[in-house]
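Enquirer: Here it is: the structure, laid out below.
The values are calculated or read from the model by the stated rules, or taken from the named source; none is laboratory data. Just so it is clear, the structure is predicted and the values come from calculations on it, not from any experiment. FYI the Cβ positions are ideal-geometry reconstructions off the backbone, even for glycines, and counts take in every protein chain you see. Surface areas here come from the heavy atoms of the whole protein model, side chains and all, with no ligands, DNA or RNA. Shrake-Rupley method; radii C 1.70, N 1.55, O 1.52, S 1.80 Å.
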Amino acid sequence: MIINIDQYSILFQLVAGFTPLVFVFSRKNKILNFLIIHLGISFICSLLIFITRINHVYNLHIFNFYILSSSLFLPIFYFKLIQNRLLKFILIIVFLGNLSIVINELFHSEYLVNAVVSENITEIILCLFFLLDLLLSNKKPENQLSLLLINSSIFFYNCFSFLFNFYISEIMVSNLWFIHNFIEASSKLIIAYAFWKLPKTSQF
């Protein structure tokens, strides 16, 4: 069986997606659970998409589940991370707004066009809120470097994905989705490096 570049990009995505989980569990770091859940679901969904694509099985519902789970777990991760009360309050409003868009589109369409864009914007806002929280806080968080790496990875991936989705029709017709897979895989490797930099007894 010949593996094309699209399938190869998913294999790379799988390896990169699993790498942060290896560092978390092998080094026994007490990372915030909601980030681990998000990364775990991301890996499982990528694996299922790879298997179903090889076997020519309809798999859009797997992607939709991933978008829904991201709308839940990443905002909770940032909510526990951010200390400023005003930012927390605004974060809740952003979280509920995005979640309502995702759930509404899930009930009305198989293709989450608006939900994906809304999710990208939400995660970009979360990343900016984290940086703003750092500026406003007198007490810097433990393992600030690792947190900044994680935040930067999520920020740049979502900025790319946001722009990518404006040309989604042309990209799908041209079979260029593998570019997205490579970008996402690279972001996961940055997160893996951030986990690797943590001491064995680290806790956010």
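Enquirer: Restricting to region 181-204, count the residues that are modelled with pLDDT under 85 and either in a helix (DSSP H, G or I) or exposed (fewer than 11 other Cβ atoms within 10 Å of the Cβ) (or both). Talk me through it step by step, then tell me what you get.
Expert: Taking region 181-204 first, the residues modelled with pLDDT under 85 are 197-204.
Imposing the further condition that a residue be either in a helix (DSSP H, G or I) or exposed (fewer than 11 other Cβ atoms within 10 Å of the Cβ) (or both) reduces the set to 200-201.
Qualifying residue count, region 181-204: 2.
Enquirer: Oh, and also: Please state which one of Asn55, Asn104 is among the polar types (S, T, N, Q) and under 19 Å from Asn120 (Cβ atoms).
Expert: On the way: Asn55 fails: under 19 Å from Asn120 (Cβ atoms).
Checking each option against the conditions leaves just Asn104.
Enquirer: Which count do you get for residues in region 77-87 that are in a helix (DSSP H, G or I) and either open to solvent by less than 40 Å² (accessible area, probe 1.4 Å) or in contact with a strand residue (DSSP E or B) (Cβ under 7 Å, 6 or more places away or on another chain) (or both)?
Expert: Let us first name the residues in region 77-87 that are in a helix (DSSP H, G or I), namely 77-81, 85-87.
From what's left, either open to solvent by less than 40 Å² (accessible area, probe 1.4 Å) or in contact with a strand residue (DSSP E or B) (Cβ under 7 Å, 6 or more places away or on another chain) (or both): 77-78, 81, 87.
Number of matching residues: 4.
Enquirer: Read through the list (1) β-branched (Val, Ile, Thr); (2) open to solvent by 80 Å² or more (accessible area, probe 1.4 Å); (3) outside any helix (DSSP H, G or I), then give the number of the only condition that Val57 fails.
Expert: Of the numbered conditions (1) β-branched (Val, Ile, Thr); (2) open to solvent by 80 Å² or more (accessible area, probe 1.4 Å); (3) outside any helix (DSSP H, G or I), the odd one out for Val57 is (2).
Enquirer: Another one. Filter region 134-147 for residues that are in contact (Cβ under 8 Å) with a residue 24 or more places away in the chain, under 16 Å from Tyr78 (Cβ atoms) and out of contact with any Pro (no Cβ under 9 Å at 6 or more places or on another chain) and give the result.
Expert: Residues satisfying the conditions are Leu136, Ser137, Pro141, Ser146.
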